[in-house]
Amino acid sequence: MDLDLYPALSSLTCFRPYALCIVLQLIYKIRTNRSHIIMKILGIEFAPLDVPFERRLQTFAVFQWTFSFLFLGFGCLFLFLYVLIATNYYYIPLLYALYYYFDSQRSERGGRRINWIRRWKIWTHFANYFPLEIVKTTELDPNKNYIMGFHPHGVLSVSAFGNFTTEGTGWSKKFPGLTPYLMVLAGHFQFPLYRDYFMAGGGVAVTASSMTHILTKNKSGQALGLVVGGALEALEANPGQYNLKLKNKKGFIKIALKTGTSLVPVYSFGETDLYLQADNKEGSFLRGIQNFMTKKFGFSPPLFHGRGIFNYTFGLLPFRKPVHTVFGKPIDVPKTECPSQEQLDKLHKQYMDALTLLFEEHKEKYGVPADHHLNFID
């Protein structure tokens, strides 16, 4: 039942004799129907009072991840500086700085995963919130290495994190023998403490040297999750749109050829439904600012909103909508030390064709209309 309180509250000053009666009626309705009531105040839908404890745990799990992803890096940096400058424990950040000096390249050398952190129960609650699901279309040989092209980026790449850096969706059971990594911007690993937390789940820097190191040092069983569209594709993350920045993305194709690594197209249905963005069509003033900042600083500043902790209308938490991440069939790639442009173009087209086929085969099952198709853009 929807309950819009605003008209009732606005009438109190005009009809004082009825004010107490209205309030008592509202209290009675809330107490007797509270498992079904969604209160609406000034257009904001608030969560029911009787939310199952399991759903509260799920919301908390997503809340801690969202705010960690958005703010923990800077929070750790400010704490680091505060302890250094304003307390008598300045030697702690100094010791950490010494450790960082010798460890700064760790994110380029396979990271430092801690499996018990990947298996925290909170990640199961995180995955169940939406829920997130891994969908296999074929078995993957653990005696091979894989570059898994993840699409689309979405606003925060929620399902990429949930699938590749946690056991919340059961990666080790779905793909036994494969060690997952999530390639992210190197800037994540410049924040004290936060860098270690990110690496613990399997996060590594998205650079050519980082990818090559993992694929060549370890002979088999490595799965690199690469969000191919990058930061600019986040600006295309709108419900009902399927724009992928893939036309000129050939760096990962070159690495696959040089290392003889199989390519796996991956499409996450529902990723772009988790947030709403401000209107930022190409050519708009807002989009111009966003494109400039992305090219200048390496990240995109989308203006987005989801839901809140206690409301369904506005906040920074993603909407509670299902996300199905479909892993396609691998494309075996012969090792080529010095690939020609023709070989790059051929494999790139083969990859785009495989991704298109994956999307077309599964789209209607996951709510995409039959007349909607992938749109590859520059």
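Placing unit charges on the Cβ atoms only, positive for Lys and Arg and negative for Asp and Glu, gives the stretch 220-378 a dipole magnitude near 420 debye about its Cα centre. Taking Cα centre as origin and charging only the Cβ of basic (Lys, Arg, +1) and acidic (Asp, Glu, -1) residues, the dipole magnitude of the chain rounds to 760 debye.
Protection proxy ranking, highest mean first, for peptides 92-104, 273-285: 273-285, 92-104, where packing is the per-residue count of other beta-carbon atoms within 10 Å, averaged. If both residues of a DSSP beta bridge must be in the chain, then about 25% of such bridges are antiparallel. Subtracting the Cα-Cα distance of residue 138 and residue 186 from their residue separation scaled by 0.36 nm leaves 14.1 nm. Here residue 284 and residue 373 are evaluated by their C-beta separation; at R0 = 22 Å the FRET efficiency comes out at 0.35. Accessible surface area normalised per residue over the stretch 290-351 is 58 Å², counting heavy atoms of protein chains with a 1.4 Å rolling probe.
Taking 22 Å as R0, compute the FRET efficiency from the Cβ-Cβ separation of residue 79 and residue 112 and round it to 0.05.
The computed FRET efficiency comes out at 0.60.
For the chain, the mean residue ellipticity at 222 nm estimated from helices alone is -12000 deg cm²/dmol, where every DSSP H run of n ≥ 4 contributes -39500 (n - 2.57) and the total is divided by all residues, rounded to the nearest 500. On full extension, the segment bounded by residue 342 and residue 248 gains 32.4 nm, given 0.36 nm per residue less the C-alpha separation. Once you reduce the stretch 180-255 and the stretch 106-149 to the center of their Cα atoms, the two points are 13 Å from each other.
The modelled label-to-label distance for the pair residue 350/residue 101, using points 7 Å beyond Cα in the direction of Cβ, is 4.8 nm. Toward the positive end of the charge dipole of the chain, with +1 on the Cβ of Lys and Arg and -1 on the Cβ of Asp and Glu, the farthest Cα among 189, 153, 294 is that of 189. Towards the positive end of the charge dipole of the stretch 41-144, with charges on Cβ (+1 Lys, Arg; -1 Asp, Glu), say which of 71, 47, 123 has the farthest Cα. The Cα lying farthest towards the positive end belongs to 123. Here the Kirkwood formula puts the hydrodynamic radius of the chain at 22.9 Å, using every distinct Cα pair. This model, with +1 at the C-beta of Lys and Arg and -1 at the C-beta of Asp and Glu, gives the stretch 139-296 a dipole about its Cα centre of some 660 debye. Listed by chain and number, the aspartates and glutamates whose C-alpha is less than 20 Å from the C-alpha of residue 217, apart from same-chain residues fewer than 8 away, are 103, 108, 141, 332, 337.
The length gained by stretching the chain between residue 173 and residue 218 to full extension, at 0.36 nm per residue less their Cα-Cα distance, is 14.1 nm.
Most tightly packed first, judged by the mean number of other beta-carbon atoms within 10 Å of their residues, the peptides 334-345, 139-150 read 139-150, 334-345.
The values are calculated or read from the model by the stated rules, or taken from the named source; none is laboratory data. Treat the numbers as computed from the prediction; the structure is a model and nothing was measured. Quick reminder, even Gly has a Cβ in these numbers, built from the backbone with ideal geometry, and neighbours come from all protein chains shown. Protein only, heavy atoms only, side chains kept; ligands, DNA and RNA dropped before computing areas. Shrake-Rupley method; radii C 1.70, N 1.55, O 1.52, S 1.80 Å.
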